[in-house]
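A short worksheet on the structure shown next.
The values are calculated or read from the model by the stated rules, or taken from the named source; none is laboratory data. Just so it is clear, the model here is predicted, and its values are computed rather than measured. Positions of Cβ are backbone-derived with ideal geometry, glycine not excepted, and every protein chain shown enters the neighbour counts. Note: accessible area is taken over every heavy atom of the protein model, side chains too, but ligands, DNA and RNA are not part of it. Shrake-Rupley method; radii C 1.70, N 1.55, O 1.52, S 1.80 Å.
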Amino acid sequence: MHVIHRKGWEIPEREATPEHLFLNRRSLLKAGAALGAGTIAPGLSSIAMAADNPTAGLYPARANDAFKGVFTPEDVGARYNNFYEFGLSKKVYAAAEALKTRPWTIKIDGLVEKPMEIGADDLIKMMPLEERVYRHRCVEAWSMVLPWTGFPLKKLVDYARPLSGAKYLRFETFMDPKMASGQRSFFPWPYVEGLTMAEATNDLALMVTGAYGKPLANVFGAPIRLHTPWKYGFKSIKSITKISFVADRPKTFWEESGPGEYGFWANVNPQVPHPRWSQASEEVIGTGERKPTQLFNGYGEFVADLYKGLEGEKLYI
Ligand code: MTE
C-alpha cells in the first residue's frame, strides 16, 4: 500500500497531551518492549503484553513517519474506555480481562471470491504491521491521541478479493453473554458497524492489532479492532469476529440502539450537534483541557473527497 508522506498527518505537540503527561513515543515503546509483561507503568499489569501471545514478537512495529506525534500516556488511555460488552463504566479494563482472545478466528464472508475463516494470529502475521499515532474523538465529546499498531484495512480488502457487487463492509464483534456480562443487557447485541468500500479502502482506515508498542490489550478490543480517526469513536468496532462484504448498507449497533441520535456515517463535525449536546469542543482526557473540535477530526484533507455527491446524506450524525 502506498502511504503518502504528508505533513498534515502529523500530530504536533501543541495538539496533544501536555509534556508532563506524555513520554517520548519511541523511548516508551522501546522501554515497553524491553521490560515485557507487567512493567510498562505502575498499575498496568493487567493490560500488559500477554506472555503467551504468538504475535508478541512483532511489536513494536516500524513507525510510519507520516503519522508520528505525541500521545496520551498508557495509564490514561487504557483506563478510560468504552467497551459496553463489559459494562457501561469508563473503568472497564478489569472487567474486560474476562475476554478470552485466543483462539480467535475471523470470518470473512458475503460477496467475496472465496469466503474463509482465518485465525487472528495468522492474519496479523501475514499483514505488514506499522505504528500510527491517531487522534481519537468520541461522540461523547472527549478525545485522546493513541499510538496504534496495525495494518491498512485496504490490505484486508485486497486479501478478501471482493466481488463487484460488494459496496459495504459489515463488521461484527463476538457474541458471548456468558463471558461478556454487558451482552446480557438490553442493547441489540452483537455490536455491528459498517463502512462503504471507498471508506474501507481509504489510507487512513486502520485495522488495529496493538497499542503502545504491544499486542492490543483486552480493553482496547483485542485481538483486532478498527480505527477510522475521522469518524466518531463508536465506528471503531472492537474485538472483530466477522467481516462481511455486502451490497446493502448495514444497520449498525448504534443506529439500532438510538436511531434519532446515531447514524451510519458519523463523521466528526463541530457544527453538527448531537441532539443532546454540542460537538463544538472536546475534553482532552488526562489533561483537564477543552479544545475546539475539527471537521473530520482534522483529517479532512484526506477524507473529504469520500463524501462528494453525498451531501444529501446525514454525514455528521
Ligand atoms: N466496540 C465494541 N465492540 N463495543 C463497544 O462498546 N465502543 C465504541 C468503540 N468500539 C465499543 C466499540 C466507542 S463508543 C468508542 S468511543 C470506542 O470504541 C472507544 O475506544 P477506546 O476504548 O479504545 O478509547
Give me the percent of Cα-Cα pairs in region 13-307 that sit more than 30 Å apart, rounded to a whole number.
26
Within region 108-125, what residues put their amide N at less than 13 Å from the label point 7 Å along the Cα-to-Cβ vector of Arg161?
112-116
Packing-based order for 119-130, 175-186, 139-150, using average beta carbon neighbours within 10 Å, highest first:
139-150, 119-130, 175-186
According to the square roots a ≥ b ≥ c of the eigenvalues of the Cα gyration tensor, what is the shape class of region 109-188, taking rounded for a/c under 1.5, prolate for a/b larger than b/c otherwise, and oblate for the remainder?
oblate
Between Lys178 and Lys308, how many nm apart are label points set 7 Å from Cα along the C-beta direction?
5.3
Counting only heavy atoms of protein chains, what accessible area per residue, in Å², does region 13-307 have with a probe of 1.4 Å?
39
Going from the alpha-carbon gyration tensor of region 172-274, what semi-axes, largest first and in whole Å, does one get by taking the root of 5 times each eigenvalue?
21, 19, 14
Subset of Lys107/Lys178; Lys100/Lys167; Lys125/Lys167 violating a 29 Å alpha-carbon distance limit
Lys100/Lys167
If I stretch the segment between Arg102 and Glu256 completely, what's the gain in nm (0.36 nm per residue apart, minus their alpha carbon distance), one decimal?
52.5 nm
Among the listed pairs Lys231/Lys308; Lys68/Lys235; Lys90/Lys154; Lys91/Lys231, which are separated by more than 21 Å between their Cα atoms?
Lys68/Lys235; Lys90/Lys154; Lys91/Lys231
Ignoring ligands, DNA and RNA, what percent of the accessible area of region 13-307 is carbon or sulfur (1.4 Å)?
53
Mean projection area, nm², convex hull over Cα of region 82-146
6.9
Separation in nanometres of the label points that stand 7 Å from Cα toward Cβ, at Ala247 and Arg62:
4.0
Partners for Lys114 among aspartates and glutamates (Cα-Cα distance below 15 Å; same-chain residues under 8 apart left out):
Asp158
What distance in nm separates the simple spin-label points at Phe187 and Glu301, each placed 7 Å from Cα in the Cβ direction?
3.5
